[in-house]
Every structure is written in C-alpha cells, then in structure tokens.
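Only the coordinates and a few stated rules stand behind these numbers; no lab work does. Computed from a predicted model, the values in this text were never measured in an experiment. Cβ placement follows ideal geometry from the backbone for every residue including glycine, while neighbour counts extend to all protein chains displayed.
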Amino acid sequence: MAQSVLHRAATRGHANHGWLNSYHTFSFAGYQNPERMHFGALRVLNDDTVAGGMGFGKHPHDNMEIISIPLSGDLEHQDTTGRQAVIRQGDVQIMSAGTGLAHSEKNHNRDKEVKFLQIWVFPNQENVAPRYAQQSFRPEDRHNKLLQVVSPSPDDHGVWIHQDAWFHLGQARPGLPHRLSAQEARQRRVCVCAGRRCDHQRRGFAPPRRPGCLGNRHPNHPGRQQRRNPADGSADGVLMEWIGC
C-alpha cells in the first residue's frame, strides 16, 4: 500500500553562523532529531547559503558519497587529490570520499552569496579510491521534464556514485500536470526536494515560504501519479531515488 511522508520546510533544523545559514532536513551537527537520522541511503540534505568570500575550511571525510548542487552563485572546491574547480548553477558535483580525503568548499565570489544543496549518500561499497567529478547541464533540458544528473553507472547519463541511486533535476511550469513512472526494478524510495519553490504532497506541488521541503514515497507506490503545479509559480526540484536499503 502506498505510504507518503512529508517534511515541510519549517520543520527542518536550522543553524545561522553568520557566514553560513543552513537548514537541515536530517540530523546534522547541532541539530539532532532521532526521528530524522536518514531516509534510506540519504543521510544528509542541507540547504546552505554561504556569505561572499566565506566557506568551509579543509576537513576530512571517508566512506560517503557527497553531492553538491548550486542553486545560485559559484562554489569553489579544493581537495587532497589535487583537484581544484568551480561549480555554478546548472552544475552537479560529486565526491566519493572512500578511503578518505580532505576538501574545502567556499564561495568563489566576495560580492554575493552562494546557495547550494549539500547531499550525503551512504555508499554501497566502502574503502574505494577517492574520486571527484562534476558536470554541467543545460537549463532547457529540464523544463517540464526530469533530467537525470546522477546514477550508479559511469556509462549512464550524468555523474555517477557508489550507490544504486538516481538523481533528476526538473523545472515545472505552472498549471501543467507531470507524471512520474514508478520503475519497480529500482524505484524503492523517492524524495522530492526544493530548488526554489517546491513542496511534495500526495496530489500536487505547492510553493512553501522556504525551500528544501522533502517528500518520500514507499516502494509499493502505484505506478503513475499526476502532479499539477500551482498557477502562481513554477516549481524547481531535485528527485532522488534509490533501491531500498
């Protein structure tokens, strides 16, 4: 039987450090909620805004798949594999921490904020060689449809991670219905979160005051469901799905 969970934006954890304004869908740092530790393979979903010229100093990770998706502004990356890069709106960055690496992420600009989604996914293989990748995607390729940007295969579209997970970006114009096909071979958990204006409900999208809302679907969800957008604005979102774990 279908089962849905809705995490509204206002129920997230929140920390404002001045240089960093962060909203946490799951327990993270000072926000600890035993009912929100993770959802399937999804461990962290943070909606971060970093002030101009500021950022996260070099810090270590291991055995985690880390995905960054800029919503506006430019994010500058450096890590101990020697990689240095800048990712912008329309880009997706992945980092497989594996046996361990250290990295820093900071706002590339001094005169404007950078806003991005920081996502951590449990890997299905531990102690792999650390790796980094990023890819740019055209905005027009996700208008009124879902564009795959992350998958478990290097031969598939987008960047790949060590988990049976698929991420899609989409922008839906107001008033248009959108259908999602449930593929039973892989679609076990689904999470829809906000880029700018999105809220996942059983029968539609509605814009919340703040981004980052999360909706989940159970593996036994019916094969197709229609979603209609409100007439007062379009919805930007990230669809995350993975085999149950």
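Details
- Neighbours of residue 49, meaning other residues whose beta-carbon lies under 9 angstrom from its beta-carbon, give a summed charge of -2 when Lys and Arg score +1 and Asp and Glu score -1.
- Taking 22, 136 and counting other C-beta atoms within 10 Å, the order from fewest to most: 136, 22
- Order of 104, 96 - criterion: other Cβ atoms within 10 Å of each residue's Cβ, fewest first: 104, 96
- Taking a ≥ b ≥ c as the square roots of the eigenvalues of the alpha carbon gyration tensor, region 21-180 is rounded, as a/c is under 1.5.
- The Cβ shell under 15 Å around residue 33 holds other residues with a net charge of +3, Lys and Arg each +1, Asp and Glu each -1.
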